[in-house]
Amino acid sequence: GGPVLDDEGQVVAVALWGDPSPATWAVPIDLARRVAGDLIADGRAHHPWLGVEGEDAADGPRVHAVTGGGPADVAGLTTGDVLVTVAGRPVRTMADVILAVREHRPGDDVAIEYRREGRDADCRAVLAELPPAPAE
């Protein structure tokens, strides 16, 4: 990996690996700086978490699982909802949802627009901190 530069030579992201294919993943520089600050301050990153799993569908990112008691559950999202915006950012894929959430911090209150059974609705969710992965 290494820096990703814009047309003016400014660092805009950090590549996660140096694969020259279009599938190379990169972390936006603001997120990389935030994670670096977390690591320096207390030795671990603090990632925001909405508590949904989903899949890309023709009509947008469709929720197929909601973690009980998580931010999405408390906000009223449910299986089958199609997300339209997260924190004012239009989302067309689950990757867009992840990026929209990662622009925030745990504890942030975000507006979510969604479609349920053909009807538009909205809610607010207070993002939590991503729980640690279970030990194997």
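Multiplying the residue separation of E55 and T78 by 0.36 nm and removing their Cα-Cα distance gives an extension gain of 6.9 nm. A simple spin-label model places pseudo-atoms 7 Å from Cα toward Cβ; at A95 and R119 they are separated by 3.4 nm. Set Lys and Arg Cβ to +1 and Asp and Glu Cβ to -1, take the dipole of the stretch 1-94 about its Cα centre, and tell me which of V74, P61, V86 lies farthest positive. Highest projection toward the positive end goes to V74.
Taking the chain as a Gaussian network of alpha-carbon nodes connected by springs under 10 Å, the highest mean-square fluctuation of the residues I98, I29, I40 belongs to I40.
Computed over protein heavy atoms with a 1.4 Å probe, the accessible surface of the chain works out to 62 Å² per residue. Helical content alone sets the calculated 222 nm signal of the chain at -6000 deg cm²/dmol, taking -39,500 (n - 2.57) per DSSP H segment of four or more residues and averaging over every residue. Taking the longest Cα principal axis of the chain as reference, the axis of helix 29-42 is set at about 80 degrees.
Shape of the stretch 7-115 from its Cα gyration tensor (a ≥ b ≥ c, root eigenvalues): rounded if a/c is under 1.5, otherwise prolate when a/b > b/c, or oblate? Oblate, because a/c is 1.5 or more while a/b does not exceed b/c. Model label points for E129 and D109, set 7 angstrom from Cα along the Cα-to-Cβ axis, are 2.2 nm apart.
The values are calculated or read from the model by the stated rules, or taken from the named source; none is laboratory data. Fair warning: this is a prediction, and the values are worked out from it, not measured in the lab. In this analysis, Cβ positions are derived from the backbone assuming ideal geometry, glycine residues included, and neighbour counts consider all displayed protein chains. Ligands, DNA and RNA are stripped out before the accessible areas are found, and what is left, the full protein with its side chains, is counted by its heavy atoms. Shrake-Rupley method; radii C 1.70, N 1.55, O 1.52, S 1.80 Å.
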